[in-house]
Structures are given as C-alpha cells and as structure tokens.
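Novice: One structure coming up, written as structure tokens, with questions to follow.
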Amino acid sequence: MSESKRVLVAEDEARLARMIAFKLAREGFEVIAANDGGEALELCMNRDVDAVVLDVMMPAMDGFQVLKRIKAYKPNLPVIMLSARSQEKDINYGLELGASCYLTKPFRPTELVECLRRQLGG
Amino acid sequence: MSLALKIILVINALIIVYFLLVNGTYLLHNLIALGAIRRYNFTRAITDYERPFYSTFYKPVSIIVPAFNEEKTIVETVRSVLSLRYPEFEVVVVNDGSSDGTLESIKMAFALWETDETFDYDIPCEEIRAVYRSDEHPNLKVVDKENGGKGDALNAGVNVSSFPLFCNIDADSVIDAWSLLQIVKPFVEDHRVQAAGGVVRVANECDIEGGEVRDIRLSRKWLVRFQTVEYLRAFLFGRLGWSSLQTLMIISGAFGIFRRSAVVEVGGYRTDTVGEDMELVLRMHRMMCSRGKDYRFTFLADPVCWTQVPEDLASLSRQRRRWQRGLGESLAMNRGMMLNPRYKWVGMLGFPFFFLFELLSPVIELTGYLIFVVSLILGALNLPFVIAFLVSAILLGILLSVSSIFLEEISFHKYPRLRDVLTLCGFAVLENFGYRQLTAWWRLRGLIELLFRRRGWGKAKRRHFKSVREAEAVR
Amino acid sequence: MLTALIYISGGLLAIILMLLAAIIVRRVRYDRYRRRYQARTRIWEPLFFSYLEGEDTGGRIAATLRTEEDYLSFVKFITFYLKNLSGEEAQAIADLAFRTGVSRRLYADLKSRRSKRRAVAATTLGLLNDRNVLPYLKRMLEDRDPYLVYAGAYGIACLREYSLFMPVMRTLLSRTPITYEGASELLVRFGEGICPTLADILREALARYERVSEREGEILGRDSPAKENRLRESPGGEPGSGFQVDLGDFVEVSMLVDILGYFRYADAGELLLQVMEKSGDEEITIHVLKAVVRLRTPQAAHRIAPLLDHPNWVIRSQAIRALGVLGEKMYRPDIQARLQDRQWWVRHYAAQALEALA
C-alpha cells in the first residue's frame, strides 16, 4: 500500500478549509492546513508536501506571491489555485506563474480532487 | 420689570429655543439614521457581502495618497494601500514637497525609477517635478511636486491618475482590505452617484497588522474615548442622517471616492482653504444643481477608515480650530447656496443648518452659559429653574450620545467587548461635563481665527500605529 | 415651567436608561445566539460533510431541525456553502434542503408579512436552484423597492430562466438606478444562452440605424445638429450616441458588446466589427476592441488597423493591444511607428505588442 500523499491546504476561510480537508482525507490524502500565506510558505519549505491547494485571497501575502516563491524553490511541486477572482487575467496570471490548475469559486470539490489526482499521477 | 431684565429673559428664551432646535435636529438625525440602518441590514441580508466576490465588470479606481512630511508612516501606508482587494486600481502617492525623508523612504522601499510619462494638467496645480514608478508594483505611481497644500496635492494626484474614479486616503489612515470594493459599490448600483464617503473611526489602541485591523479596542486615554463617542455621534450617524436626506455636505478627506470627470469639471480642490473636502462637495452640489442633473452623493457606513486621533490637548485643539476654520471658509466660499431653492435640500436645509448650528454654535453656546450666569446673578431667573434646565440639557446631550451608541450596537457593532461599549456610554455622560465645553471653546477660537485670517495647518504630533509586534516588544 | 422641566428630565432619563438596558440586553442576547449558532454548526459540520461524501442520507441532520431558530440557523449555515460550491455538491445541498424540509419552510416564508423574510427566502431558493420559486421572483421584479427588484432579477438569472431575460434586463435598467456594470454583472449569470438573443438585438439595431442614416446620411454630416438632438444622456452619465438599442428605454450598445465579449461569443465577431464601423462612436469602439480581443475574430486585424491613427489615445492603445493579441504580423511596421506616439500609454502598449508579435 503506497504512502498517502500529503496535501497542504492554504485557505483562510476556515469553513471551506475544513470542508476541503474533510473531503481530501476521505479521498485518502493526508492534509495539513495553513491559515495565511506566510504559514503556507513556511510549511511548504519545511515539511514534505506533495501538493498544495492555495487560495488567492489571503491576508498578509496573497496566493500569487506565495505561488511565485514556491515555484522558485520547488518548481515541480503541483499547486492548485482556488480563488474568488475569476477574471481571465488572474487565471492566466496564476497559470503563467506555474499553477497546475486554477479553480474559481463557486467551485466543484470533485474537480479539485480530480485535479489533484491528475497531478499526483493516480 | 425693567427693560434690561426683559431683554435678558428674551435672550434666555432664544438660547433655549436654539438649544432645542440643535439637539432636536440631531435626535432627528439619529431617527433618520435608524431608518437607513434598517435598510442597510435588509440589503445585507439579501446581498451578502461578507466576502465580496470580484465583479468582472468594474470601474478601475485610482487611489490618491497625499503626503507631507510623513516619513515615519508613509511606507506602511503605501504597503497597506497596495494590498487592497480590488480587480484593477492604481496608487498615486503625491509627495507635496516634503522637507523630510518622505520621498527617500518610498524610493528605497519600492525601488522607484523616474518615468518620462506625460499627462495633461486637467486641473492647475503646483509644478510636478517628477513622476516615479516601480517595477515590483506596476500600479504604483509616485508624484514629487512643489509644496502646495493638501488640495493642491490632490489636484496633482487627479491629474496623474488615469481611471474614471478616484479615492483619496490620508497618509495616516488605514482602510480595510475589502473597503474599496464596498465603497465602489454605489457607483455600480446607481449611475447617478457622483461621490461617496466612508466613515472614519478611531484607530488608537487598535491592533493593526499588515494593513488589517485585527482587534478593535477602546483606547485607555480619556481624551481618545471622548473623541470616540464624538465620532460615532457626529461622523457616523450624523452623516448617515444627512445622507438619507440627500443633504450630504461633507465627504471626509480621509476616505472619499469621486467621479474623476465630475471633479475635473468643477475645477478640482481649492488650495486656499483648510476645509477643501467640504468645499469641493459644496461646489459639486452647485454644479449638479445648476445643470439640473439627477445626482446622488452617498455615505457608506460600513467600509471603515481607521485613523489616529490626537491624544494630547494641544494637537486636538489645533485640529478642532482648523476644522472650524475649514467649515467657515467652505461656507463662505459657497455662500450663494444659503437658502437658495435652486440648491434644493442642501441650500434650504443643510447649508443654513451648518451655518447656524455648526458654525455659530460655539458662539451661542458659550454666550448661553454666560447669560445664564448673569441672569442668575441679576435674579432674572431663579436657581431651581436654571438647575432644572441644565439637568434637562445635559440629559438631552447624553441621550444624543447614548442613542448613537445604541445605533452602533444594532448596526455595525464593531466593538466586540461589551465592557468597551459600556465605557463609551459612561463617557457619553461625562463628555457633557467639560469636554463639550472645551471643544466649543476651541471652535470659538477657530471662528475668531478665521475672522482674523489665520491660515494653514499647523503641526500635529504623528503617532505610529500600534502594530502587534511593537506591542509584543514592549511586553 | 419648572414642573414641565422636571417631567422632561424624568422622561429623558427614562429613555436613556431604556437605551442602556437595550444595549446590554441586545449584546447579551446576541452573544448567546452566537454561541448557540456555533454549537449548532459544530454539530452540523461533520454531519454535513459526511452527507456530501454520500455517507449519510441527511436523516441525522433533519433530526436536529426542530425549532424556528434551528431552521433559520441552518439556512444561514448552508447559504455559505451554496455560495462557494457548484456542481454535484451544490445539487446535493439542494437535495438536502428538500429532504430536511427546509425548502418547504422557505416556501412558507415567501408568504411572510415581513419583506425581509420574503426576500431572503426568495434568494435562498434561487441559490438552491429551485425553479418553483420563479413565479414569485417574477412578482418581485414588479415590486416598488429597487432592492427587491434586484434580488428578484438576481434569482432569475441564477436559475437561468432565459424566457425572462428580456423582462429582467428591461426592468433592471428602467426601474432601478443600476449602472451598466452592475447590470452586466447580474445578466451574465444567465449564462451563454443569452448570447444569440443579444446578437439579434444588435443586428436589429444595426439594420434600423442603417436605414435611418441612409435617409439622413447625405444631408446630414456626422456632427450635424439633427443627430445631436437624438443624443440621449445614457445612464452611464456620458452622452449616448444616436446608435442605441430601443427597448422602450435605451440600452447602451456597449453593455451588450461587453457581455458578448465576456462569453467569447465567436459568432458575433463580424457583427461587432460592423457595429464599430457603422456607429463611429468612440465609446462603442473601445468596447468592441476589448471584446474582439477575446473573440479572436479572424481578419479582425485588418478592420482594426485603420484605428492606429485615431485621434483618441485610448482607442489607439486598445487597437495596438488588439493587434498584438491577434498576432497579425503584417502590421508590425505600423505599430513600430507608434513607438513615437506622444502619449506614454500608446508607446507602452506598442512596445508590448511588438514583443508579442516577435
């Protein structure tokens, strides 16, 4: 039995964070949570993380900045962006910066899981 | 009864009538504000802007931050403004010929370089020496210009701004990250809106980190507590009341948003008054009315601008005197509006009210005290009556303030601790025993200064925002 | 006089004390309510998540909904998720609302005497995708209160009831003071299905305009007085052009262009270009340029190139930007010439476009 993949969920809206964590856990992932950009970055660097679910609208450091820095240190780490910002240019910006998927709210949690599985190869 | 006594009695009666009118109108304001709040709660229930989603169709906004000798706080302010949540906006910082390191601090913090960008002087202003941009923040523009005062700095900012709406924020204010989205909403919901104002609240002692207000606390300083009550009464519900009557005459210089074309058309801010924010709004009223345009000025009670209020008597005194001078100048410069039916509610109701009950009130109030004392001495009035009247007057004042605190409770309830709210009620009582008289005295001085042509801003002692880290260091 | 004052003082004091009491009582009640709500959500959350995972039929949640406050709190609870989720999960929540009787109670609320209750019920039912609420939403469109009109329109748009699209648009623009941006924001919730209708409206307007200008074109020039008289101040605040859509009340063409662009409705590419050329209106031109960039209409570049010399710098910039995105390399020299433009933004966009075309 393969080790379950560890996913970092960085979402400052606590209810959503808990929901995503619940679903991912049920789907067999191990979940660690971050409340803001700074914490997300720290956890990314210091812990062994296989994928990141990143909200764009977070206090202190927004998701794009976090994405930039993650990609600078760990370019192969899949990052899925989740955002209320649904404008084209934000989506393109996120994808340009290296996000593997960009989901806009309202979103389908099923899609999130699908995207994760695709990125983590099964 | 001798003639002198008769006259004194008449004067007393007049003063009492005046007093009833003033406070009666303020109470009426609160009642009207109550209506506005119920409307606000209603729309909040059905539209839900807890966490506003971005709109795809929006109007881009320029945020103008005039700065003069703000080297201590300017970088923090600009950072917090840059982190506002809004789809598309630019930040225009105007260095109004500061004599300290304001420009240098920003240059270093944001790696500025000088641009050869051209723009039109839509509004005349003092010479712009240079415009800087930043690679890291492509939506930041910094204008360096010759000193010309706040109005002139704002005009320069408008000239350099390229978006249809502009928002002016004071360099020492902090606005919530979502405030911009909220304050632009009126411009999306209603095409008649030409300007909107946000509310200013007292930030002293609040924890502000990363441009976000984390904890809202009541200051321990008595002077600040008095001002907090005042701000609730006058700046929140007073303005909400006026706005509901379509008679909004001031949009705070600390947090207001305007349609750029309207401001350019009216000629921009005046540079020869300290009350440029009110003066502009009055002039805009005049222009709209004379064009017969259907227009609206909105006051929004929710997006909040947090600002440091003076903590010492000297600064507070200077501020209040300056405000009174600004009020007088704004009214004088637009005196054609007084009781002029052409200007509808503003002309017939708002303007006379501000003239009689705001501008002249310190004179009448303080004269009132004097006359009362004189009357007592001369025996025109008997002691029980005077005491009874004073008690009623004070109770009326307390009612005014407490009702404002009550309105705050049923609407925005920003103070999470009941203890703070009750403390405010206590100060609502206390303010009638000295604080109000003090502010009346300062306003009287301001009025006198105006009549004898004192100009300018004076110096205010600036304080750092109390960031969490600082507080921890102290502990 | 004295006694009057004493009574007044007494009255004032009484009111003050009442207000103080009200403040304290409200605060205490609100705090208690919040604690109860949090307790409820603590119970509901895991049950709700389980339900969404298909591990639960919703029975356990239904069992917790007994009182009025339970029901209201639960509506508040699920509204958050309804606003953030779509697809299967959103449908599951709608099913849950039905199964737990929440839908039934919302319908009961629609008949409530309090307009706030009605409005909340209507919008919630709209969020729940419950089409049965449509007749009620339709009635809200005719309400006196512009907020209710908006709420009704919003609900109808979320339910994607195309048959009501025109009434919604008409009502919004004529009975509320909403701006075009605000209206667009709401109208796009109908989904792409409205594009053919919008294209038809534009086509009709174009045909009508052509007929009119054919008659008057030779006699009147572009800026002739007769045309001025047809200028109407559009709700956007700027003077509208003679080229407008007549729906009883004028609708700004730019708004329709924006929505077509938003949905990338490719079929409208040619139509938009014609509108731009025939109207000659600057505002419309800018909107069309922005839309065409999203539509990627083939051959559009050739129709846009003449605008590189337009007197309005915003149009020049947008034209340059469009050419850059459309990728038509033959216009590179023209864009290069724009590097000497007197307007900074034009030069800026020209440089960007040249980079894109490299």
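The values are calculated or read from the model by the stated rules, or taken from the named source; none is laboratory data. Because the structure is a prediction, the values reported are computed rather than measured. Cβ: placed from backbone, ideal geometry, glycine included. Neighbour counts: every protein chain shown. What goes into the accessible areas is simple: the full protein's heavy atoms, side chains included, and nothing from ligands, DNA or RNA. Shrake-Rupley method; radii C 1.70, N 1.55, O 1.52, S 1.80 Å.
Novice: Ignoring ligands, DNA and RNA, what percent of the 1.4 Å accessible area of the protein assembly as shown is carbon and sulfur?
Specialist: 55 percent
Novice: Hey, in the GNM for chain C with a 10 angstrom Cα cutoff, which one of C:Leu82, C:Leu96, C:Leu13 fluctuates hardest?
Specialist: C:Leu13
Novice: Moving on to the next point. Apply the Karplus curve 6.51 cos²θ - 1.76 cosθ + 1.60, θ = phi - 60°, to the phi angles in the range B:329-341 and return the couplings in whole Hz, x for Gly and Pro.
Specialist: My calculation for the range B:329-341 gives 4, 4, 5, 4, 5, 10, 4, x, 7, 4, 6, 9, x Hz in order.
Novice: From the phi angles alone, apply the Karplus equation (6.51, -1.76, 1.60; θ = phi - 60°) to the range C:327-334 and give each ³J(HN,Hα) in whole Hz, x where the residue is Gly or Pro.
Specialist: Taking θ as phi minus 60°, the curve returns x, 8, 5, 5, 9, 4, x, 5 Hz for the range C:327-334.
Novice: With a Förster radius of 56 Å, plug the Cβ-Cβ distance of C:Leu339 and B:Arg453 into 1/(1 + (r/R0)^6) and report the FRET value to the nearest 0.05.
Specialist: According to the calculation, E is roughly 0.55.
Novice: Running a GNM on chain C with Cα contacts under 10 Å, which residue among C:Gly11, C:Gly182, C:Gly59 ends up with the highest mean-square fluctuation?
Specialist: In the Gaussian network model the winner is C:Gly11.
Novice: When averaged across all projection directions, what area in nm² does the alpha-carbon convex hull of the range C:305-358 cover?
Specialist: 2.9 nm²
Novice: Taking the 0 to 90 degree range and rounding to the nearest ten, how far is the long axis of helix B:149-160 tilted relative to the main principal axis of chain B, both from C-alpha atoms?
Specialist: 40 degrees
Novice: At 25 °C and a viscosity of 0.890 mPa s, what translational diffusion coefficient does Stokes-Einstein give for chain C, taking Rh as the Kirkwood radius over Cα pairs? Give it in µm²/s as a whole number.
Specialist: 99 µm²/s
Novice: Over the heavy atoms of C:Trp313, what accessible area does a 1.4 Å probe trace out, to the nearest 10 Å²?
Specialist: Looks like 90 Å² after rounding.
Novice: Rounded to whole Å and sorted largest first, list the principal axis extents of the Cα atoms in the protein assembly as shown.
Specialist: Computed over the Cα atoms, the extents are 98, 76, 58 Å.
Novice: To continue, here is another question. Taking every DSSP beta bridge that has both residues in the protein assembly as shown, what percent is antiparallel when rounded to the nearest 5?
Specialist: 40 percent
Novice: Another question about this same structure. Please work out the Kirkwood hydrodynamic radius for the range C:44-158, using every pair of different C-alpha atoms, and report it in angstroms with one decimal place.
Specialist: 14.5 Å
Novice: What spacing in nm lies between the two simple spin-label points modelled at B:Arg217 and B:Gln437, each 7 Å away from Cα in the Cβ direction?
Specialist: 3.3 nm
Novice: Mind giving me the FRET efficiency for B:Leu27 and A:Glu3? R0 is 51 Å, r the Cβ-Cβ distance, nearest 0.05 is fine.
Specialist: 0.15
Novice: Provide the three semi-axes, in whole Å and in decreasing order, of the ellipsoid equivalent to the range C:121-170 as defined by the square roots of 5 times the Cα gyration tensor eigenvalues.
Specialist: Equivalent ellipsoid of the range C:121-170: 15, 13, 8 Å, largest first.
Novice: Right, another one. At 0.36 nm per residue, and after removing the present C-alpha to C-alpha distance, how many nm does the segment from A:Asn76 to A:Glu96 gain when stretched out fully?
Specialist: 5.8 nm
Novice: Starting from the coordinates of the alpha-carbon atoms of chain B, obtain the Kirkwood hydrodynamic radius over all distinct pairs and give the value in Å to one decimal.
Specialist: 23.5 Å is the Kirkwood radius here.
Novice: What's the angle, to the nearest 10 degrees (0 to 90), between helix C:2-52's Cα axis and the longest principal axis of chain C?
Specialist: Here the helix axis deviates by roughly 80 degrees.
Novice: Amide H of B:Phe299 versus every other amide H placed in the peptide plane: which residues, excluding those fewer than 5 positions away on the same chain, fall under 5 Å?
Specialist: B:Gly197
Novice: At 0.36 nm per residue, minus the direct Cα-Cα distance, what do B:Asp100 and B:Ala234 gain on full extension? Give it in nm, one decimal, please.
Specialist: Contour length minus the Cα-Cα distance gives 44.8 nm.
Novice: Would you mind giving the total buried accessible surface between chains B and C, with a 1.4 Å probe and ligands, DNA and RNA left out, rounded to the nearest 100 Å²?
Specialist: 4400 Å²
Novice: Is there a simple number for the mean count of other chain Cβ atoms within 10 Å of the Cβ of residues in B:397-404, and what is it?
Specialist: The shielding value for this peptide is 3.
Novice: For the range B:438-447, in order, what is each residue's ³J(HN,Hα) by Karplus, 6.51 cos²θ - 1.76 cosθ + 1.60 with θ = phi - 60°, in whole Hz (x at glycine and Pro)?
Specialist: Karplus values, whole Hz, x for Gly and Pro: 4, 5, 5, 5, 4, 5, 5, 4, x, 4.
Novice: Given 10 °C and 1.306 mPa s, compute D for the range A:2-107 with the Stokes-Einstein relation, Rh being the Kirkwood radius over Cα pairs; round to the nearest whole µm²/s.
Specialist: 118 µm²/s
Novice: Right, another one. Once Rh is set to the Kirkwood radius over Cα pairs, what Stokes-Einstein translational diffusion coefficient, in µm²/s, holds for the range C:54-103 at a temperature of 20 °C and a viscosity of 1.002 mPa s?
Specialist: 192 µm²/s
Novice: Report Rg(Cα)/(2.2 N^0.38 Å) for the range B:178-221, keeping two decimals.
Specialist: This ratio for the range B:178-221 stands at 1.57.
Novice: Extending each Cα 7 Å along its Cβ direction at C:Arg208 and B:Val264, get the distance between those two points in nm, one decimal.
Specialist: Each label point lies 7 Å from its Cα, and together they span 3.2 nm.
Novice: For B:Trp345 and B:Arg417 in one chain, what is 0.36 nm times their gap in residues minus the Cα-Cα distance, to one decimal in nm?
Specialist: Additional length available on full extension: 22.0 nm.
Novice: For the protein assembly as shown, give the magnitude of the charge dipole about the Cα centre (Cβ charges: +1 Lys/Arg, -1 Asp/Glu; no others), in debye to the nearest 20.
Specialist: 3200 debye
Novice: Ok, one more. Could you work out how far apart the two model spin labels at C:Arg114 and C:Lys329 are, taking each label as a point 7 Å from the Cα in the direction of the beta carbon, and quote it in nm?
Specialist: Modelled inter-label distance: 6.9 nm.
Novice: Let me spell out the model: positive unit charges on the Cβ of Lys and Arg, negative unit charges on the Cβ of Asp and Glu, origin at the Cα centre of the range B:176-226. What dipole size does that give, in debye rounded to 20?
Specialist: Once rounded to the nearest 20, the dipole reads 320 debye.
Novice: Continuing with the same structure: Any idea how far the Cα center of the range B:259-284 sits from the one of the range B:95-154, in Å?
Specialist: 21 Å
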